[in-house]
Each structure stands twice: as C-alpha cells, then as structure tokens.
Amino acid sequence: MVNELVELISTQARRFGDREALRFRDYKTQEWMSISWNQFKTNIEREAKSLYKAGLDVEDKVAIFSQNCPE
C-alpha cells in the first residue's frame, strides 16, 4: 500500500506540476487557499522525513487525532 500511494503522488506531481491539487479554507482569514501537486508532494516528503527522524519506519502504524486540515 505504501508504494502505491507514494507512486500515485509522484505521478500526479509529474503530470500536473503546479496545477491545483486541493483547496481548503483558511479558518483564520476565511479565505480559500490552494496547494499545487508539486507543493503537496514536497509537504508529504517533508513530513515523512520528520516521522522517520522521530523513529518511525516504513509500514509502522500511526494514528492522527486532528481536525481536517491540509497538513
């Protein structure tokens, strides 16, 4: 499953680059914001590196308790 998700994001970033990947409302400003596929991929890679540095490894289980947000 991990490889399929990584490959999907990488493929979408290659195909669509700076095109919009997702939109979300910034609840502080009430403005709609967007993130490109390239930025989405960069964000995911940054978070994955942070989790790895914290001691998590491939296929470790993680639970996230959070409100819906682009992060």
Here the residues within region 45-64 that are surrounded by 13 or more Cβ atoms within 10 Å (Cβ to Cβ) and either part of a loop (DSSP other than H, G, I, E, B) or touching a strand residue (DSSP E or B) at 6+ places or on another chain (Cβ under 7 Å) (or both) are LEU56
Of all residues being under 16 Å from ASN68 (Cβ atoms) and of a type in the set (S, T, N, Q) in region 12-44, which is surrounded by the most Cβ atoms within 10 Å (Cβ to Cβ)? Just the residue, please. ASN43
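Results for (1) part of a strand (DSSP E or B); (2) touching a strand residue (DSSP E or B) at 6+ places or on another chain (Cβ under 9 Å); (3) of a type in the set (S, T, N, Q), shown as yes or no for each residue.
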residue: LEU8; (1), (2), (3): no, no, no
residue: THR29; (1), (2), (3): no, no, yes
residue: MET33; (1), (2), (3): yes, yes, no
residue: SER66; (1), (2), (3): no, no, yes
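Every number here is computed from the coordinates shown, using simple stated rules; none is lab data. Being a predicted model, the structure only gives us computed values, none of them experimental. With ideal geometry, Cβ positions are generated from the backbone for all residues, glycine too; neighbour counts draw on all protein chains shown.
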